[in-house]
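S.K.: Below is the structure I would like to discuss, written out as structure tokens.
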Amino acid sequence: MVRFLGFLVGLGFVAAVAWSLLWGVVAYVGNPPEQTAEARLHEEPRSISYSFSGPFGRYDLQQLQRGFQVFKEVCSACHSLTHVAFRDLRQIGYSEAEVRAIADQWQIQVPSINPDTGEAATRKAIPADHFPSPYANEIAGRAANNNALPPDLSLMAKAREGGPAYIESLLTGFRNPPAGYQVPPNLHYNPYFANLNIAMPPPLVSDGQVTYGPGNPAPTRAQMANDVAAFLMWAAEPNLQRRHEYGIPVLIFLIFATILAYLAYQNIWHGPTSRRVRPTGVLDPENMAKNAHAKQDAGVAG
Amino acid sequence: MSFPWAEQYKPKHPLMRWFDDRLPLPRLVYGAVGGGYPVPRNLNYMWNFGVLAGLALTLQIVTGIVLAMHYNSNADTAFNSVEHIMRDVNQGWFLRYAHSNGASFFFIVTYLHIFRGIFYGSYKAPREMVWMLGLVIFLLMMATAFMGYVLPWGQMSFWGAKVITGLFGAIPLVGESVQHWLLGGFAPDQPTLTRFFSLHYLLPFVIAGVIILHIWALHIPGSNNPTGVDVKSPQDTVPFHPYYTAKDGFGAGVAMIFLAIMIFFLPNLLGHPVNYVPANPLSTPSHIVPEWYFWPFYAILRAFTSDFILPAKLWGVLAMFSSILLLFFLPWLDKSPVRSGSYRPMFRIFFWIWIVDVLVLGICGGKPAEEPWVMISEVATAYYFAFFLIILPILSMVERTKPLPNSISESVLHGEAAEAAPADLTGATPAQA
């Protein structure tokens, strides 16, 4: 009875899905889907290797500081970095005094309350503060940017397919649209952006836009894009390097423990005091040979 | 319980004897996972995954309880509290990555455990109850994992919750009311998040309870084995401890190596980048997908695109739920007296096609609902249902199975005439099921 009902239910599902398939094939053959301009012109992020790529990857603190400088002088005019605090900058090699100075001199002040009157006010940032947002709220952000809200950058390197390589490709990917492609007003053509038209104007417009200190590479646009992508990866995943540093000894320990566990297992099954046992199934070569032999003797096929 | 030759617990230390006389807990453990549980001696590595699933649940509960100490189930602050865990809580990044990758680990070992059960006929008499309790655990796992994915309150959390609860809206008459009742409102919001957090904390302990029943039911007939032949004599078994505790220890080590590689070096590989964007009810992501372990079922859901007597959406929802619920009837759909796929030449072929089919469904489920993925998932969905509801019942009537060994010990001990008897090579009388 179960099998009979199951058979009917099975036929029902197969018939329903076959019906869908039939119409799907008819539509596909009669009207093959055309590739949209987005699909044709869109480009995947370039493959870029960073100092933090791979299992032994580490952050290059010098590069993170350069990237922070690019963020401070270019990106932070429009973008917030809300999940990162000034105190976190200690991790990329700034001293406590430097962090205090960076917080104190930050362009945007932190919302506060006037201690005497209770009115809304602002104060200078301290290391414990998170980076203040350049806009008071979403409406202010949209009003200042043709209704396109500049997204928060703290997790950007993890929130897009491709991560830092996507950011770097995007920052260096602005170009003139191909002939015949119409870019809507107030938008900018960039093949790395999902729908090709990004509201952000090209942020890195000229080499030397940011002045790096002595001992650093020349601040070309490519170099600045590379540095800020690395900085945003750190902002998104500050514990990446620690994660890698923990991972290697953990793996060494686990491999060692697993080898010991394997030897213990073999010792228990095949040691001098164990019962005579072979922990194998029908796919064991000895078994298969034996079965084949027995079948041959008995003249059974298959 | 178990076999007559199972060893009895004999406490050596006077303190343990005193304890055992008053509360026979050591006796229970000894009989369940100790020297008192005789297990077929020929289990292969596919029998490691049950213990690994238990390990995964333990890992999820331990990391989850600590994460709950730092997590905030408020729609305004949930996302930030997860970032607080990642940045400011000591080793919080480890806890969260262990928990999120631990969920994937749990599903991988559970899927392998289920595949093993299907290939070796572990669902067949007398283990139907073990099988069905296992499916209850699987359903509870899916509910728990789905609700857990909502908690970070990212874009995919929000829209995933909206799509999945929206499935209930396809039920005729009561669908919409059920959907609102699940969400606690018209769309996912604060009531959804708090109830999902509460249930996400509760269900793992329900799972642990059902696992106890699963193991209890298993211990009545004892474990199945790769030949599918019943245990007949003490020669066929070894005590669980130390033989299989040692083997499971090795298996756990290998599994932990894979899990550690994921946690420390590829923690976001299986996640979706969009979930690092805070939930925004006004902005729909271009491509909503659940976590990878739901992809095969998501592909089945989306395979029904044309109305056929019933609306297409209802077909999709019915098919998705049926694809799991039909497994409850598997012991009665497949009546072949031979358990192990190793002795069923035709079943074996259809089984491996089914494995490929499930993988294809998984790939389609992760892709956007575009051609050719929809057409491929339609073919794969048809095979999925045909395999269980049409092919298996027919196979069990027409298939000519291979000769079974007379006993487990015969299949593993070679050239030992004293123990091995000649196999029944005609295949006419399969071993007792």
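Read the figures in this text as sums done on the coordinates, not as results from a lab. Keep in mind that this is a model prediction, so the values were computed, not measured. When we count neighbours, we look across all protein chains shown, and the Cβ atoms used for this are built from the backbone with ideal geometry, even at glycine.
S.K.: Here is a list of conditions, (1) in contact (Cβ under 8 Å) with a residue 24 or more places away in the chain; (2) over 20 Å from residue B:102 (Cα atoms), and residue B:282 meets all of them except one; can you say which number that is?
M.R.: Here residue B:282 meets the rest and fails (1).
S.K.: What number of residues in the stretch B:59-95 are in contact (Cβ under 8 Å) with a residue 12 or more places away in the chain, away from every other protein chain (no Cβ under 13 Å) and assigned to a helix (DSSP H, G or I)?
M.R.: 10
Let's see how each residue does on (1) touching a helix residue (DSSP H, G or I) at 6+ places or on another chain (Cβ under 8 Å); (2) more than 14 Å from chain B (Cβ to nearest Cβ):
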| site | (1), (2) |
| --- | --- |
| A:193 | yes, no |
| A:203 | yes, yes |
| A:211 | no, yes |
| A:216 | yes, yes |
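S.K.: Might you check whether a residue that is crowded, with 23+ Cβ neighbours inside 10 Å, within 9 Å of chain A (Cβ to nearest Cβ), within 30 Å of residue B:7 (Cα to Cα) and among the β-branched types (Val, Ile, Thr) occurs anywhere in the stretch B:227-237?
M.R.: Within the stretch B:227-237, one or more residues are crowded, with 23+ Cβ neighbours inside 10 Å, within 9 Å of chain A (Cβ to nearest Cβ), within 30 Å of residue B:7 (Cα to Cα) and among the β-branched types (Val, Ile, Thr).
S.K.: Identify all residues within the stretch B:38-58 that are assigned to a helix (DSSP H, G or I), surrounded by 19 or more Cβ atoms within 10 Å (Cβ to Cβ) and within 14 Å of chain A (Cβ to nearest Cβ); write none if there are none.
M.R.: Once the filter is applied, which keeps residues that are assigned to a helix (DSSP H, G or I), surrounded by 19 or more Cβ atoms within 10 Å (Cβ to Cβ) and within 14 Å of chain A (Cβ to nearest Cβ), the stretch B:38-58 yields B:47, B:48, B:51, B:52, B:55.
S.K.: Just checking, how many residues over the stretch B:291-311 are in a helix (DSSP H, G or I) and either on the phi > 0 side of the Ramachandran plot or facing chain A (nearest Cβ under 9 Å) (or both)?
M.R.: 2
S.K.: Hey, among B:112, B:151, B:139, which residue is closer than 22 Å to residue B:48 by Cβ and of a type outside the set (S, T, N, Q)?
M.R.: B:112
S.K.: Still on this model: Which ones in the stretch B:312-341 are small (Gly, Ala, Ser), facing chain A (nearest Cβ under 9 Å) and either assigned to a loop (DSSP other than H, G, I, E, B) or farther than 24 Å from residue B:374 by Cα (or both)?
M.R.: B:340
S.K.: While we're on this one: Quick check on the stretch A:145-158: of everything there that is of a type in the set (A, V, I, L, M) and free of Cβ contacts under 8 Å to residues at least 60 places away in the same chain, which residue is farthest from residue A:228 (Cα to Cα)?
M.R.: Looking at the filtered set, the residue picked out is A:148.
S.K.: Residues that are aliphatic (A, V, I, L, M) and surrounded by 15 or more Cβ atoms within 10 Å (Cβ to Cβ): list the helices (runs of 4 or more DSSP H) wholly contained in the stretch A:129-231 that include at least 1 such residues.
M.R.: Once the helices (runs of 4 or more DSSP H) in the stretch A:129-231 are filtered for at least 1 residues that are aliphatic (A, V, I, L, M) and surrounded by 15 or more Cβ atoms within 10 Å (Cβ to Cβ), what remains is A:156-159, A:164-171.
S.K.: Of (1) of a type outside the set (S, T, N, Q); (2) touching a Leu at 6+ places or on another chain (Cβ under 7 Å); (3) surrounded by 15 or more Cβ atoms within 10 Å (Cβ to Cβ), residue A:103 satisfies all except one. Which?
M.R.: (2)
S.K.: Shifting gears a bit: When you look at residue B:198, is it surrounded by fewer than 17 Cβ atoms within 10 Å (Cβ to Cβ), among the hydroxyl-bearing types (Ser, Thr, Tyr) and more than 22 Å from residue B:70 (Cβ to Cβ), yes or no?
M.R.: Considered against the rule, which asks whether it is surrounded by fewer than 17 Cβ atoms within 10 Å (Cβ to Cβ), among the hydroxyl-bearing types (Ser, Thr, Tyr) and more than 22 Å from residue B:70 (Cβ to Cβ), residue B:198 comes out as no.
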